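A short worksheet on the structure shown next.
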């Protein structure tokens, strides 16, 4: 009886492994560009300084030139700098 159970377990394991191997052959991976992960944008770094005469100067750095220009415009508007 003990040998029969052992043999049955071995047969079930072999069937399971064979079924898994067959599924791997049918598996096809398709990449969809619209579902790819979007990389986060790095923010513009601002070094803002105020002089003793209450005048502001700043240095901007970043990867995207458009974002740097937009940030510069916002700073000029907020600080009333021509």
Exercise. Expressed in nm², what is the orientationally averaged projection area of the convex hull enclosing the Cα positions of region 41-82?
Worked result: 3.0 nm²
Exercise. So between residue 46 and residue 64, what do we pick up on full extension, going 0.36 nm a residue minus the alpha carbon distance?
Worked result: 5.1 nm
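A short reminder: the numbers here are calculations on the coordinates, not readings from a lab. These numbers come from a predicted model, not from an experiment.
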